[in-house]
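Trainee: I'd like to ask some things about the structure below.
The values are calculated or read from the model by the stated rules, or taken from the named source; none is laboratory data. Nothing here was measured: the structure is a model prediction, and the numbers come from that model. Here the Cβ is made from the backbone with ideal geometry for all residues, glycine too, and neighbour counts use every protein chain on show. Surface areas here come from the heavy atoms of the whole protein model, side chains and all, with no ligands, DNA or RNA. Shrake-Rupley method; radii C 1.70, N 1.55, O 1.52, S 1.80 Å.
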Amino acid sequence: MVSLGLSDSLQKPWETVFTKVKRAVVFMDAPSAESLHWYGGALKMFEAGALNIKEFSSFEAGSANQKKAVFIVSTLIKGRTADTIKDIIGLSSFQYTVVITAVSHSVHLLANNVSVEIAGRPVFDQFEEKLCEWMGNMNFTTEVMHVPLLLAPLAPHLFLTPSFTMLFPLVPQDLKQINSARSEKKRFTSLHDLDLHSLPPTLQIKIMCLVSSLNCLFEGLSIREECFAVGATSRLIAGELANYPQAKNRRKSAQNRASVVFIDRVLDLTGAVAHHGDNLLEKILSTLPLLPGHTADVKVSMVELSAVQMTDEAQNIIAPGCLAKPNDPSARVLWEAILGMKQKEAIMEIRRHLVEAASKENLPIKMNLGRVSPEQLVSFIHLFKNNFKALESHCGLLQLVLATVQTMKHPCFSRWDDFLAFERLVLQILGESELPRVLRQLLPLVKLHSVRKEEDYSLDDLLILLVYIYSISGEIRMGDELGDTEEELKKALVHAFCAEPELSPLLQKITGCESSSDVTLRKATSVVDTIFASLRDLTKVRAHMKQFRSVYNPGNDVHQASYNPLLKQIGEEILHVDRHDPLDIEHMSAGLSDRLKTGFGMFMKVNRPHPSDHPLLIIFLVGGITAYEMRMLKELVSAQKTAVQVIVLTTKLLKPIDIPELLFALDRLHPDIGV
């Protein structure tokens, strides 16, 4: 029942948008487009009467006969965003302009340093006047409105927040940067001491955008929520939501109850960079190129189904396919199955769907049991190639099959096992010795580009492995041996950085250099030192915890050493039949009555709020979740046989390469808000 409400709540904002696009050319930024992509795609926009859909860019414009424009943005309508709107209008002949922003008016006030709520909507009204000025006539029609376009629905139980993709939990290195701008007496000793106003202004605004958007979502669901947090950044977000003035008003009349648990991804990066051998979707996301402007969907080459010859040039001639199939019920069923299955099961399910589709179209398919190979799947696909009716009817299914085939044939598919083998070696060595020995296993793998072979690890790969090693290690003992080993590894990495003839997107991001010629010895040394400082931080992120201090099981004579995911530990604790008082899951009070209830618990028996108190549990992963973790969580909920419905909201669907980019990013404390 609540799940249906969530679907309706997603639909209402886009329905509001669709009422505005008739006979208009629509300009959309990437996060808004990604949300629409998973909701219904461009088809929905055209069905609502849009004339065209274009990128939100200063290089785009309407044609001379297009008099109406709709701008859909996920950012504040000021600064760079406002400049882009002005540029587009200046190149066009619009007489009617609508601007739709996902950022509420209250956050616009905050961004304009107005600390109290003002009656009306002065920021939006002023921007409407600017739009008239830019169009050249104050009598032309303008509208500026807030529509909470927050989520991208990947599955009934999984929702992304595309405009918060780069929002990542704070780490101790960030605390040092924040303290550097404060006097010595006012410096913070811990991340948990931070409040919203101690953060850089753009990060404050980003967090308040999220809080405001979640409040709108819960208003649509008529939810009165209890907020919980695991981690310093989650604590900030949950605290702001619990005490958000508009949220307090909403809760007075809300009819449904829910628990919202915010979790910092940085508390467990092991699972985010690990190469789980039994997850097909993780391999698809890591292997195929992303759709431009998207974070959770990939480009699927459709050349196999065309008469065009299979060449590199042909890849750009035929429009690519993708994974999202919101308007194709049968393909959506398969997509959701892939999301929740192990690799072998998923590939078998793909073949089953393909065989059923071929049989339905009376295609001459020859089914043979046993192992599914990419060649077998391709032979089945070719049956649809010259049958346009069958091709059109099952195009969504064929795109998912082609994504699987192209992943299985890719060289990276076999390399996955190499990563998995090294990760297992790390687990085994950590059970027998300490971190220096693990790092010595990595040292010979650092090779200069001139001697690096195709099967060797790239610098990107090595950074992923380093995050895995330090995250799984937990608290470490400092000493000369560790210091010396780290110095050796640093020197090797510095030389490798300097010897790269071309920087990967990740290396560009963490060095701040576009060209390898800009990476001097001094620059590389500084970057590597910063990386290792962040890696050291990873060993201490759970030090304050009482229950979830470790994600490493050392093993014994019977069982091998293993990784114990933090998300699984938290899920088991929340859904445990005995309902213990959680030690590391902090309840965020929403007012005096809640604080009194918690306080009286010290003197008398009072039931403290528990995350499993309500029929709906929303888990919000700040920093992303992997496809493997989604399947693990689904299996956990099923095994617990609980009546609680679990839904996951997250900032990103992760693949291993994403974590070094988020963790080592130079601009993490200053997210893009369009200003």
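Trainee: Being open to solvent by 50 Å² or more (accessible area, probe 1.4 Å), in contact (Cβ under 8 Å) with a residue 40 or more places away in the chain and part of a helix (DSSP H, G or I): is that true of SER286 here?
Mentor: On the way: open to solvent by 50 Å² or more (accessible area, probe 1.4 Å): no; in contact (Cβ under 8 Å) with a residue 40 or more places away in the chain: yes; part of a helix (DSSP H, G or I): yes.
No: the conditions fail for SER286.
Trainee: Would you check if SER35 is of a type in the set (Gly, Ala, Ser), touching a residue at least 12 places away in the same chain (Cβ under 8 Å) and part of a helix (DSSP H, G or I)?
Mentor: Numbers: of a type in the set (Gly, Ala, Ser): yes; touching a residue at least 12 places away in the same chain (Cβ under 8 Å): yes; part of a helix (DSSP H, G or I): yes.
Yes.
Trainee: Here's another thing I want to ask about it. Can you tell me how many residues within the stretch 93-106 are modelled with pLDDT of 95 or more and either β-branched (Val, Ile, Thr) or farther than 20 Å from VAL17 by Cβ (or both)?
Mentor: 8
Trainee: Among the residues of the stretch 161-208 satisfying the criterion of being β-branched (Val, Ile, Thr) and in a helix (DSSP H, G or I), which is most open to solvent (accessible area, probe 1.4 Å)? So that I can check it myself, show each step before the final result.
Mentor: In the first step, residues of the stretch 161-208 are kept if they are β-branched (Val, Ile, Thr); the result is 161, 165, 171, 178, 189, 202, 205, 207.
Among the residues that remain, those that are also in a helix (DSSP H, G or I) are: 178, 202, 205, 207.
Numbers: ILE178: 13, THR202: 40, ILE205: 18, ILE207: 3 Å².
Selected residue: THR202.
Trainee: Within the bounds of the stretch 613-629, is there any residue that is without any contact (Cβ under 8 Å) to a residue 40 or more places away in the chain, open to solvent by 10 Å² or more (accessible area, probe 1.4 Å) and not charged (D, E, K, R)?
Mentor: Kept after step one, since they are without any contact (Cβ under 8 Å) to a residue 40 or more places away in the chain, are these residues of the stretch 613-629: none.
Within the stretch 613-629 (the criterion being without any contact (Cβ under 8 Å) to a residue 40 or more places away in the chain, open to solvent by 10 Å² or more (accessible area, probe 1.4 Å) and not charged (D, E, K, R)), the answer is no, since none of the residues qualifies.
Trainee: For the stretch 401-412, enumerate the residues that are surrounded by fewer than 15 Cβ atoms within 10 Å (Cβ to Cβ) and among the hydrophobic types (A, V, I, L, M, F, W, C).
Mentor: Once the filter is applied, which keeps residues that are surrounded by fewer than 15 Cβ atoms within 10 Å (Cβ to Cβ) and among the hydrophobic types (A, V, I, L, M, F, W, C), the stretch 401-412 yields only CYS412.
Trainee: Cβ-Cβ distance below 8 Å, separation of 6 or more or different chains: which pairs start in the stretch 6-23 with a residue that is aromatic (Phe, Trp, Tyr) and end on one that is in a loop (DSSP other than H, G, I, E, B) and modelled with pLDDT of 70 or more?
Mentor: Every condition considered, the pairs that remain are TRP14/GLY40; TRP14/LEU149; PHE18/ALA48.
Trainee: Going by the conditions given, is GLY370 not in a helix (DSSP H, G or I) and not aromatic (Phe, Trp, Tyr)?
Mentor: Values: not in a helix (DSSP H, G or I): yes; not aromatic (Phe, Trp, Tyr): yes.
Yes; evaluated as a whole, the condition is true for this residue.
Trainee: Within the stretch 413-442, restricting attention to residues that are touching a residue at least 40 places away in the same chain (Cβ under 8 Å), in a helix (DSSP H, G or I) and in contact with a Lys or Arg (Cβ under 8 Å, 6 or more places away or on another chain), which residue is most open to solvent (accessible area, probe 1.4 Å)?
Mentor: Checked the stretch 413-442; the qualifying residue most open to solvent (accessible area, probe 1.4 Å) is PHE413.
Trainee: If you go through the stretch 315-328 one residue at a time, do you hit one that is free of Cβ contacts under 8 Å to residues at least 40 places away in the same chain and among the β-branched types (Val, Ile, Thr)? It would help to see each step written out before you state the result.
Mentor: As a first pass, look at the stretch 315-328 and keep what is free of Cβ contacts under 8 Å to residues at least 40 places away in the same chain: 315-320.
Subsequent filtering for residues that are among the β-branched types (Val, Ile, Thr) retains 317-318.
Taking every residue of the stretch 315-328 in turn, at least one turns out to be free of Cβ contacts under 8 Å to residues at least 40 places away in the same chain and among the β-branched types (Val, Ile, Thr).
Trainee: In addition: Within the stretch 494-522, how many residues are in contact with a Cys (Cβ under 9 Å, 6 or more places away or on another chain) and among the hydroxyl-bearing types (Ser, Thr, Tyr)?
Mentor: Summing the residues that are in contact with a Cys (Cβ under 9 Å, 6 or more places away or on another chain) and among the hydroxyl-bearing types (Ser, Thr, Tyr) in the stretch 494-522 gives 2.
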